[in-house]
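Input: a single structure, listed below in structure tokens.
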Protein chains: 2
Amino acid sequence: MSVLQLGVIGTSSISDVFVQAALETKAYELKAVYSRSLEKAKSFGEPYHAKEAIVDFDAFINHKELDVLYIASPNGLHFEQTIAGLNAGKHIIVEKPAFTNPDQWEEASQLAEAKGVVLVEAARHIHEDNFKKVKEEIQSLDQIQGATLTYMKYSSRYDLVLQGEEPNIFSTKFAGGALMDLGIYTLYAAVSWFGEPEEAHYFAQKVRTGVDGKGTAILRYPDYDVTLLFGKTATSLLPSEIYSIDKTLRVNAVVGIAKLEEINTRDASVKEVPIHPAAENTLYEEARVFAALINTFDEKDTQEKLKEWTALGKAVNRTLFKLRKSADLSFNDGQ
Amino acid sequence: MSVLQLGVIGTSSISDVFVQAALETKAYELKAVYSRSLEKAKSFGEPYHAKEAIVDFDAFINHKELDVLYIASPNGLHFEQTIAGLNAGKHIIVEKPAFTNPDQWEEASQLAEAKGVVLVEAARHIHEDNFKKVKEEIQSLDQIQGATLTYMKYSSRYDLVLQGEEPNIFSTKFAGGALMDLGIYTLYAAVSWFGEPEEAHYFAQKVRTGVDGKGTAILRYPDYDVTLLFGKTATSLLPSEIYSIDKTLRVNAVVGIAKLEEINTRDASVKEVPIHPAAENTLYEEARVFAALINTFDEKDTQEKLKEWTALGKAVNRTLFKLRKSADLSFNDGQ
């Protein structure tokens with residue numbers, strides 16, 4: 001199996017972490033970096049010995065030697081770039097949130113199928129061993145009573161908002177905000193662990209630029225609710241908890257899970273549950289798994305995994321869309 | 001000033017704690033215990049050298065030597081017992097939730113005023129030094145971003161519900177459930193610290209008996225939301241957090257606050273804030289303060305405090321009622 005030739009769109013810090021992880025797996029080489037600024041494309045690619053820095057989007061997307069594109073541009077650009085990449089016959093790894101509404105997911109996944117290529121949303125945590133370990137623990141719980149999942153971290157770019165600017169991550173034009181940026185991690189955890197909820201409600205605290213800076217979402221299941229707490233205008237150190245009548249599972253976080261504990265509901269005693277060591281680069285597993293998908297594309301197992309992740313991605317996206325609608329969040333996607 | 005002659009309605013564990021606290025203040029003597037069971041009334045009163053055990057409600061309520069009644073019967077009985085006590089000219093301390101709807105509060109407080117007696121809801125935590133200390137800290141925050149306040153503790157009486165029984169605390173007949181029993185503590189904290197919210201939404205997980213076993217409430221203020229997590233069918237060890245853009249305040253609990261910390265939003269570093277030692281009996285302060293109210297009833301300061309607490313109790317009750325309505329919780333109060 002040959003080494004995958006990787007093209008990268010977007011030069012922010014997440015791209016750095018992904019490229020490091022990808023190179024570490026030895027399954028990829030960084031072939032080309034796209035940016036509207038040649039300077040940025042060059043300086044991003046240099047430490048990774050990228051072969052090319054490209055400013056012409058069409059030339060980049062149709063580059064004959066590129067196998068797979070990693071798209072980590074502002075959220076609002078993901079869809080059109082994905083469609084362009086798929087049309088050029090490339091495998092696509094698109095950062096979360098891949099898309100801002102279910103129609104986009106549907107169109108993109110149909111196109112990927114027609115073209116016979118991989119399309120995956122980079123929700124890195126669902127590929128972590130410990131994320132799967134927590135899922136197993138949840139499945140053994142007696143009478144689940146819901147969960148509280150938290151990801152709330154102050155963004156230094158909110159300083160800019162307070163100074164009157166509009167950075168992409170806080171802009172409706174680029175589908176920014178707390179739900180799209182951090183809430184989605186808690187949502188992926190909820191949908192992976194408990195399935196797609198019947199109802200979804202979002203109480204958003206909007207900031208000056210029109211996006212949500214912080215909020216609480218309630219996912220309603222037949223027998224319990226899952227509460228999601230997330231934000232970019234404040235910091236929380238709350239762990240996440242999953243409740244049952246016998247015990248509460250406590251994890252330090254929903255991304256990069258490093259600690260799992262069981263709390264006895266009766267006496268509140270706490271017991272540590274042995275888990276895997278936390279990954280050093282939380283994108284390593286994801287990069288490894290995606291390369292395997294591409295390299296074994298025709299195998300039955302691969303097709304099943306791809307179907308499973310596409311179904312999960314779509315379920316998350318449907319719920320994301322319900323949450324967005326319930327809080328009246330408008331982006332530039334016509335919905 | 002003479003020692004107040006105390007009559008107690010209700011012989012559950014909270015009455016024990018209150019009577020211990022009351023006697024400790026040396027401002028009260030336990031004069032009489034009312035119960036429908038003479039046995040229970042006697043065995044409750046004995047360790048406190050109660051003078052009388054009474055099974056006739058009218059005789060108890062009209063007892064000439066009783067100054068003040070502490071009412072800790074099932075929630076659904078508070079209102080009629082309070083009205084009876086006020087009509088007999090007694091001062092009334094009624095356990096939280098004092099009443100199940102705003103009409104009841106209004107009627108009771110008007111009667112108390114007409115009779116010239118004290119009527120207070122026993123929301124013990126608002127009288128704690130540390131509760132007031134947290135309020136001061138909140139008032140010095142820059143750009144509050146909301147809060148997450150939690151009180152969730154598995155009740156062994158839920159075992160009975162699962163076995164097909166209907167204990168009072170899980171019965172609609174007695175206005176039981178998680179909101180009325182534990183949620184109200186978080187609600188008192190929210191209304192004391194942030195004022196009365198503009199909107200209140202409650203997502204309740206109902207149990208077999210029709211009451212809420214657990215739930216999430218969202219209180220909406222002009223600039224932020226406060227999320228309340230509470231329940232009796234699961235246990236949470238989450239601390240409570242109050243958010244601002246510079247720092248997050250973390251308290252170990254909203255009742256019996258023993259630890260206060262400041263989290264730096266930028267680097268997530270944690271610093272302990274010195275506070276008062278936690279009270280040994282969390283009802284001591286409340287019992288002391290209520291005796292002082294009664295003994296200085298005619299003083300201007302007392303009247304002001306009483307007005308303030310009545311206003312707070314009514315604001316909490318209005319919000320409680322909104323939450324109850326939003327989750328469609330029916331009790332036997334015609335509303």
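The values are calculated or read from the model by the stated rules, or taken from the named source; none is laboratory data. Bear in mind the structure is a predicted one, so any value in this text is a computation, not a measurement. Every residue, glycine among them, receives a Cβ derived from its backbone with ideal geometry; neighbour counts consider all protein chains shown. Side chains are part of the model used for accessible areas, which takes the heavy atoms of the whole protein and leaves out ligands, DNA and RNA. Shrake-Rupley method; radii C 1.70, N 1.55, O 1.52, S 1.80 Å.
If you scan region A:47-74, which residues turn out to be farther than 15 Å from A:LEU86 by Cα and either outside any helix (DSSP H, G or I) or without any contact (Cβ under 8 Å) to a residue 12 or more places away in the chain (or both)? Selection gives A:PRO47, A:HIS49, A:ALA50, A:LYS51, A:GLU52, A:ALA53, A:ILE54, A:VAL55, A:ASP56, A:ALA72, A:SER73, A:PRO74. Restricting attention to region A:207-219, the residues being open to solvent by 20 Å² or more (accessible area, probe 1.4 Å) and touching a residue at least 60 places away in the same chain (Cβ under 8 Å) number 1. If you scan region A:92-140, which residues turn out to be of a type outside the set (D, E, K, R) and open to solvent by 30 Å² or more (accessible area, probe 1.4 Å)? Across region A:92-140, the qualifying residues are A:PRO102, A:GLN110, A:LEU111, A:ALA114, A:GLY116, A:GLN139, A:SER140.
Here A:GLN5 fits the description: open to solvent by 20 Å² or more (accessible area, probe 1.4 Å), over 25 Å from A:ALA311 (Cβ atoms) and not charged (D, E, K, R). Candidates are the residues of region B:244-260 that are more than 9 Å from chain A (Cβ to nearest Cβ) and hydrophobic (A, V, I, L, M, F, W, C); the one that is nearest to B:ALA147 (Cα to Cα) is B:LEU249. The residues of region B:225-235 that are surrounded by 24 or more Cβ atoms within 10 Å (Cβ to Cβ) and in contact with a Lys or Arg (Cβ under 9 Å, 6 or more places away or on another chain), listed by number, are B:VAL226, B:LEU229, B:PHE230, B:GLY231, B:LYS232, B:THR233, B:ALA234, B:THR235. Taking region A:8-19 as the search range and keeping residues that are assigned to a helix (DSSP H, G or I) and touching a helix residue (DSSP H, G or I) at 6+ places or on another chain (Cβ under 8 Å), which one is most open to solvent (accessible area, probe 1.4 Å)? So, considering only residues that are assigned to a helix (DSSP H, G or I) and touching a helix residue (DSSP H, G or I) at 6+ places or on another chain (Cβ under 8 Å), the one most open to solvent (accessible area, probe 1.4 Å) is A:ASP16. Scanning region A:315-331 for any residue that is over 30 Å from A:GLY213 (Cα atoms), out of contact with any helix residue (DSSP H, G or I) (no Cβ under 6 Å at 6 or more places or on another chain) and not hydroxyl-bearing (Ser, Thr, Tyr) turns up nothing. Each residue in region A:240-254 was checked for being surrounded by 18 or more Cβ atoms within 10 Å (Cβ to Cβ) and either closer than 30 Å to A:ALA22 by Cα or over 27 Å from the mean Cα position of the chain (by Cα) (or both), and 7 pass.
Here is a yes/no grid of residues against (1) over 24 Å from B:TRP193 (Cβ atoms); (2) modelled with pLDDT of 95 or more:
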| position | (1), (2) |
| --- | --- |
| B:ALA112 | yes, yes |
| B:ILE126 | no, no |
| B:GLU137 | no, yes |
| B:GLN143 | no, yes |
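If the condition is being assigned to a loop (DSSP other than H, G, I, E, B) and open to solvent by less than 10 Å² (accessible area, probe 1.4 Å), then region A:312-335 contributes only A:LEU329.
Rundown of residues vs (1) at pLDDT 95 or above; (2) closer than 25 Å to B:THR310 by Cβ; (3) in contact with a Leu (Cβ under 9 Å, 6 or more places away or on another chain); (4) within 12 Å of chain A (Cβ to nearest Cβ), yes/no style:
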position	(1), (2), (3), (4)
B:GLY183	yes, yes, yes, no
B:VAL191	yes, yes, yes, no
B:ALA204	yes, no, yes, yes
B:THR209	yes, no, no, no
B:GLY215	yes, no, yes, yes
B:TYR221	yes, yes, no, yes
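A:LYS90: at pLDDT 95 or above and over 27 Å from A:HIS125 (Cβ atoms), yes or no? Judged against the criteria, A:LYS90 is not a match.
Taking the conditions (1) modelled with pLDDT of 95 or more; (2) among the β-branched types (Val, Ile, Thr); (3) under 19 Å from A:PHE230 (Cα atoms) in turn, A:VAL118 satisfies each one other than (3). Confirm whether A:GLU199 is at pLDDT 95 or above, closer than 23 Å to B:HIS201 by Cα and surrounded by fewer than 17 Cβ atoms within 10 Å (Cβ to Cβ). Here the answer is yes, as A:GLU199 does meet what is asked.
For region A:141-161, the tally of residues that are within 11 Å of another protein chain (Cβ to nearest Cβ) and without any contact (Cβ under 8 Å) to a residue 40 or more places away in the chain stands at 2. Checking B:ILE263, B:ILE218, B:ILE242, B:ILE275 one by one, the residue that is under 21 Å from B:GLU136 (Cα atoms) and in contact with a Phe, Trp or Tyr (Cβ under 8 Å, 6 or more places away or on another chain) is B:ILE242 and no other. Scanning region A:29-43 for residues that are open to solvent by 10 Å² or more (accessible area, probe 1.4 Å) and touching a helix residue (DSSP H, G or I) at 6+ places or on another chain (Cβ under 7 Å), we see that the one that is farthest from A:ALA292 (Cα to Cα) is A:SER35. Every test in (1) more than 20 Å from A:ILE242 (Cα to Cα); (2) open to solvent by 20 Å² or more (accessible area, probe 1.4 Å); (3) in contact with a strand residue (DSSP E or B) (Cβ under 7 Å, 6 or more places away or on another chain); (4) of a type outside the set (A, V, I, L, M, F, W, C) is passed by B:PRO222 save one, and that test is (3).
Could you please give the count of residues in region B:255-269 that are part of a loop (DSSP other than H, G, I, E, B) and either in contact (Cβ under 8 Å) with a residue 60 or more places away in the chain or open to solvent by less than 30 Å² (accessible area, probe 1.4 Å) (or both)? Total satisfying the criteria: 5. Summed over region A:232-243, the residues that are over 14 Å from B:ALA268 (Cα atoms) and within 7 Å of another protein chain (Cβ to nearest Cβ) give a count of 2. Between residues in region A:242-253 that are in a strand (DSSP E or B) and residues that are of a type in the set (Lys, Arg), which pairs lie under 7 Å by C-beta distance while being six or more apart or on different chains? Taking only residues 6 or more apart or on different chains, the pairs are A:VAL251/A:LYS259. Listed by first and then second residue, the pairs linking a residue in region A:3-24 that is over 20 Å from A:THR82 (Cα atoms) to a residue that is open to solvent by 50 Å² or more (accessible area, probe 1.4 Å), with Cβ atoms under 7 Å apart and 6 or more places separating them unless they lie on different chains, are A:VAL3/A:GLU29; A:ALA21/A:TYR284; A:GLU24/A:TYR284. With the condition kept exactly as written, say whether any residue in region B:270-286 is surrounded by fewer than 19 Cβ atoms within 10 Å (Cβ to Cβ), within 12 Å of chain A (Cβ to nearest Cβ) and not in a strand (DSSP E or B). Taking every residue of region B:270-286 in turn, none turns out to be surrounded by fewer than 19 Cβ atoms within 10 Å (Cβ to Cβ), within 12 Å of chain A (Cβ to nearest Cβ) and not in a strand (DSSP E or B).
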